[in-house]
Amino acid sequence: MHLIRNFLTNLQSTEKLIAQLNSSSRDDALLALEVLKERKVLQDGTLRNTDISGANLAGATFARSVLERINLSNAQLINTYFQEAQLQQACFMAADLTGANLRAAQMQGASLAGANLKNANLARVDLSQADLQKANLQLANLWQTNLVGANLTGANLTGATLTAVICNQHTILPDGSKWSADIDWSAYTHQ
């Protein structure tokens, strides 16, 4: 039965597979994702501007994918792998990215307001101009992360690693103040 299901999924059009990413069944969504990977859809930009908000893609792999302006708001993306993905202006509002690996992803102008990024790996991510208002960044790794012009108002940075983060005077800190060179991150990380 499993082989028949996989065979029938492979026969579906790319558009139907993209729609299946929003399936209520996580297994069906992940199967559709695997077929889309085989078709190189994740790298060719086909998923740009796609709305798959609310999708359950926990544990999926999107490494090096081209996903600019994708809408993954309210999505379940626990332990999802986005390393080196192109996620400029993507929407992750209220998404659950607990434990996600976004290392070296390009996320300029992305919206992560209210997203759960607890234990996420954001090392070397470009989050310039990103909206991180009220995001949960507890225990997240932000080593060498670009936060130039990012808005962190209300973000929870408890236990986060903020070594060598890149900020400027337009970066807004969790308390609503502007970043300055003498900032003491421990006031926000409580470490």
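Summary table below
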item	result
Options 39, 26, 64, 103; residue that is among the charged types (D, E, K, R) and modelled with pLDDT under 90	39
Residue in segment 81-103 that is in a loop (DSSP other than H, G, I, E, B), out of contact with any helix residue (DSSP H, G or I) (no Cβ under 9 Å at 6 or more places or on another chain), more than 22 Å from residue 52 (Cα to Cα) and aliphatic (A, V, I, L, M) present	no
Test set (1) within 23 Å of residue 131 (Cβ to Cβ); (2) of a type outside the set (A, V, I, L, M); (3) modelled with pLDDT of 95 or more - residue 56 fails condition number	(1)
Residue 75, sole failed condition from (1) over 22 Å from residue 51 (Cβ atoms); (2) buried (at least 24 other Cβ atoms within 10 Å of the Cβ)	(1)
Any hit, segment 26-36, residues being surrounded by fewer than 17 Cβ atoms within 10 Å (Cβ to Cβ) and either assigned by TED's automatic domain parsing to the domain that holds residue 139 or hydroxyl-bearing (Ser, Thr, Tyr) (or both)	no
Test for residue 8: is it modelled with pLDDT under 95, aliphatic (A, V, I, L, M), buried (at least 19 other Cβ atoms within 10 Å of the Cβ) and not in a loop (DSSP other than H, G, I, E, B)	no
Residue count for segment 135-157, restricted to those that are closer than 19 Å to residue 95 by Cα and in contact with a strand residue (DSSP E or B) (Cβ under 9 Å, 6 or more places away or on another chain)	14
Test: residue in segment 182-190 that is among the β-branched types (Val, Ile, Thr) and not in a loop (DSSP other than H, G, I, E, B)	yes
Hey, residue 113 among the aliphatic types (A, V, I, L, M) and in contact with a strand residue (DSSP E or B) (Cβ under 8 Å, 6 or more places away or on another chain) or not	yes
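The values are calculated or read from the model by the stated rules, or taken from the named source; none is laboratory data. Quick caveat: nothing in here was measured; it's all calculated off a predicted structure. Reconstructed Cβ throughout: ideal geometry from the backbone, glycine too, with neighbour counts over all protein chains shown.
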